1. If I ask for residues that are crowded, with 17+ Cβ neighbours inside 10 Å and out of contact with any strand residue (DSSP E or B) (no Cβ under 6 Å at 6 or more places or on another chain), which ones from the stretch B:112-129 would you list?
2. Inspect the stretch B:97-105 for any residue being at the interface with chain C (Cβ under 10 Å from one of its Cβ atoms), modelled with pLDDT of 90 or more, over 26 Å from residue C:63 (Cα atoms) and not in a helix (DSSP H, G or I) and give the result as yes or no.
3. Determine which single condition residue C:139 fails, assuming it passes every other condition in (1) closer than 25 Å to residue C:222 by Cα; (2) modelled with pLDDT of 90 or more; (3) touching a helix residue (DSSP H, G or I) at 6+ places or on another chain (Cβ under 6 Å).
4. Scanning the stretch B:112-135 for residues that are more than 10 Å from chain C (Cβ to nearest Cβ) and part of a loop (DSSP other than H, G, I, E, B), which turns out nearest to residue B:80 (Cα to Cα)?
5. Tell me yes or no: at least one residue of the stretch C:196-210 is more than 24 Å from residue C:286 (Cβ to Cβ) and either within 14 Å of chain B (Cβ to nearest Cβ) or without any contact (Cβ under 8 Å) to a residue 60 or more places away in the chain (or both).
6. Looking only at the stretch C:237-270, how many residues end up being within 8 Å of chain B (Cβ to nearest Cβ) and either in contact with a strand residue (DSSP E or B) (Cβ under 8 Å, 6 or more places away or on another chain) or closer than 28 Å to residue C:101 by Cα (or both)?
7. When the residues of the stretch B:35-56 are narrowed to those that are touching a helix residue (DSSP H, G or I) at 6+ places or on another chain (Cβ under 7 Å) and within 11 Å of chain C (Cβ to nearest Cβ), which ends up nearest to residue C:72 (Cα to Cα)?
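The values are calculated or read from the model by the stated rules, or taken from the named source; none is laboratory data. What you are looking at is a predicted structure, and each value in this text was computed from that prediction instead of being measured. Quick reminder, even Gly has a Cβ in these numbers, built from the backbone with ideal geometry, and neighbours come from all protein chains shown.
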């Protein structure tokens with residue numbers, strides 16, 4: 001099967017000179033699509049988390065609203081919308097209001113660059129990996145501002161923990177990303193997916209990919225503040241950390257951003273190490289590959305992302321929380337050296353071509369039409 | 001059963017020899033006969049020295065101040081301080097009673113001997129109004145700082161108390 | 001740079017307090033009275049420098065109900081029923097402590113059936129209490145799941161109590177001269193069913209929390225309380241035993257049927273949070289041992305020897321008795337001037353005395369350590385304030 005990925009932005013740019021109205025339709029469609037996707041994804045993830053947590057804890061979880069409690073997340077969202085929005089006295093009003101929006105915006109900006117299928121990608125930037133790591137940094141800004149502007153010492157403590165933690169763990173996450181970039185030879189996310197046509201980097205690279213995947217998941221968990229790295233919230237220590245003073249819709253934004261974060265992490269891990277939307281191909285086993293191609297790429301992507309999300313939820317409902325100095329020790333004394341060694345090992349592998357199916361992968365990545373580059377994608381969100 | 005880190009260095013004394021021993025250390029100490037456990041009554045002036053001896057003396061070794069409280073004898077005008085001591089190293093125990101005057105209740109603090117006394121004394125100060133000299137932090141423990149009166153005294157009354165049906 | 005300049009610089013640097021090199025400043029934070037990990041209305045005023053705890057000042061009295069004062073206005077039967085509101089997780093042991101001192105003062109007799117029932121239910125409640133502690137301990141470390149595991153298994157035992165005693169939390173059962181009702185005919189079968197479920201689950205607890213590397217990291221070497229400090233600070237119960245002092249009133253001064261059952265007293269060696277955790281985990285196993293020995297050997301007889309309506313009179317004097325609850329030594333002192341009501345009642349509660357260990361062990365650690373220490377002391381706040 002030959003994949004010819006094309007992003008929605010490049011499609012719009014193609015159409016624009018000749019058919020402006022369909023091009024506008026694509027743009028509007030993708031804006032609405034992203035908005036709907038983000039909302040539905042948030043609700044699904046919240047429901048999934050609650051159900052999975054419940055089953056880990058020998059409970060049934062939400063069960064009353066809708067069949068098997070499926071509408072519980074909707075009901076919660078409605079409740080949060082109707083709640084009084086409290087801005088504490090003495091807080092920095094503007095920043096207090098801005099913080100959850102920043103957190104949320106950062107995540108939406110990440111989602112538009114993720115390739116969820118050969119044709120399901122809003123913008124395909126040729127520096128996609130860099131773009132996502134940069135934009136995800138907006139999230140930490142939101143948390144820092146939220147904790148700082150709340151006029152609450154516990155919140156501030158949470159925000160400072162988050163700041164130190166996210167900045168530290170970004171290094172390890174980056175080193176892990178670079179392994180996939182090295183193997184694929186491109187920073188473009190669709191290119192990285194295409195480079196895994198003969199097999200996923202997690203198993204093709206003699207352990208380097210696997211180590212990088214583990215590093216990325218660990219560092220990513222720390223970056224998105226989930227247990228065992230949920231120090232910024234620290235329910236039992238800081239009451240709720242940076243979002244103690246948030247209520248109603250603003251809290252909902254933080255909450256939604258947290259779950260989108262989870263998805264972005266899972267999607268990135270999928271794209272870089274698990275082949276993205278690419279089916280499980282093995283080199284030139286054409287019969288096997290054809291069998292794998294029976295499932296549509298979108299389903300492959302969703303399944304892999306869901307598996308990673310489940311893994312992260314499993315962590316959350318099993319592990320206790322690390323202490324702040326242990327957290328730093330883990331990053332600077334354990335993960336970072338491993339990350340560097342792994343990157344070096346990966347570089348050696350790439351240079352020597354000593355990994356599974358190097359010849360096929362070394363073939364030039366299909367050049368996308370020039371219009372697909374980010375410069376022309378002005379109309380996309 | 002694992003061995004105790006605290007050395008068991010003494011023999012448990014029976015009530016008689018315990019009281020005899022204490023009377024040898026402090027002749028003014030008297031046996032208090034209406035108690036179910038070995039108990040002595042010690043004059044206030046002798047108490048700080050005796051406390052130190054009870055703690056340090058090799059065959060007594062009262063290392064744990066199990067509790068400290070007071071009894072308000074409103075009829076006789078005394079507040080009786082009660083110290084329940086246990087020796088984890090020897091296995092015997094002793095109750096010490098010390099009288100202080102009800103209208104001027106001042107007693108020496110025993111924080112230096114048993115650190116836990118700091119908070120037990122604060123409780124007695126809070127509820128009985130006994131002042132401890134040399135106490136590092138003598139404040140009310142349970143009640144508000146501006147509370148008037150000492151509730152465990154027998155003559156305590158405030159506006160919120162209800163008349164008990166008799 | 002010549003040697004003199006270097007020495008001067010060095011001296012200047014040394015003269016600076018180490019904390020002020022970064023220009024940091026201490027600040028105060030109120031932890032509680034409404035805080036998830038103080039488990040009640042305990043308030044700790046923390047002096048912090050960043051994350052480092054410099055001083056812990058407990059502030060008490062948010063749930064002070066004057067139980068000792070109320071006891072002075074109650075008769076000897078009534079005062080027993082106030083005690084379950086002190087340490088509500090050891091309600092039966094509290095009942096027993098008050099009952100014990102009243103029985104001693106009024107020279108009341110009991111029979112071996114009464115003592116067996118008292119020992120059995122109190123020991124079951126020790127498991128009950130430790131189950132809750134285990135769940136909450138996990139939650140304080142940031143793991144939610146143990147909380148549900150602990151409560152799931154505790155619920156079975158709560159149902160067992162409910163069938164015999166009627167109450168589920170603040171139970172009133174042990175009273176002077178006997179127990180309030182005879183045990184439910186199904187009690188023995190219920191407890192056996194519970195043990196069959198719970199024993200494998202105790203291993204599951206170990207697998208979920210004890211063997212977790214993060215738990216070990218968070219607990220080992222944290223909040224070290226030496227044996228000498230523990231005794232000086234009046235700590236008792238698992239806190240004292242974790243520090244290596246094998247003091248358990250069930251062994252030292254056996255009451256009830258503890259003199260006739262075989263059990264060990266688990267002891268720690270370092271007195272850190274991990275030892276306190278491990279001691280309680282082993283205590284649950286020892287309690288199971290005691291319960292198993294008692295279950296099939298409850299003697300026949302009456303469950304009360306003094307009619308519940310009978311008035312109790314006590315001659316003048318002072319009585320003190322103590323026993324071992326799930327948290328330590330609970331003492332009850334009774335002062336009588338004769339008649340039907342005590343002149344003064346005092347309860348020496350384990351939590352009041354265990355609390356102060358936090359002021360020394362938590363200093364110098366992190367906020368997260370403080371939470372772990374608090375949780376490892378297993379405090380019940382109403383028992384502190386009374």
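1. The answer is B:113, B:115, B:118, B:119, B:122, B:123, B:125, B:126, B:127, B:129.
2. Yes, the stretch B:97-105 contains a residue that is at the interface with chain C (Cβ under 10 Å from one of its Cβ atoms), modelled with pLDDT of 90 or more, over 26 Å from residue C:63 (Cα atoms) and not in a helix (DSSP H, G or I).
3. Every listed condition holds for residue C:139 apart from (2).
4. Among them, the one singled out is B:130.
5. No, the conditions are met nowhere in the stretch C:196-210.
6. 7
7. For the stretch B:35-56, the residue satisfying everything is B:36.
Rundown of residues vs (1) more than 30 Å from residue A:12 (Cα to Cα); (2) outside any helix (DSSP H, G or I); (3) in contact with a helix residue (DSSP H, G or I) (Cβ under 7 Å, 6 or more places away or on another chain), yes/no style:
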site: A:121; (1), (2), (3): no, yes, yes
site: A:142; (1), (2), (3): yes, no, yes
site: A:151; (1), (2), (3): yes, yes, no
site: A:154; (1), (2), (3): yes, no, yes
site: A:157; (1), (2), (3): yes, no, yes
site: A:161; (1), (2), (3): yes, no, yes
site: A:165; (1), (2), (3): yes, no, yes
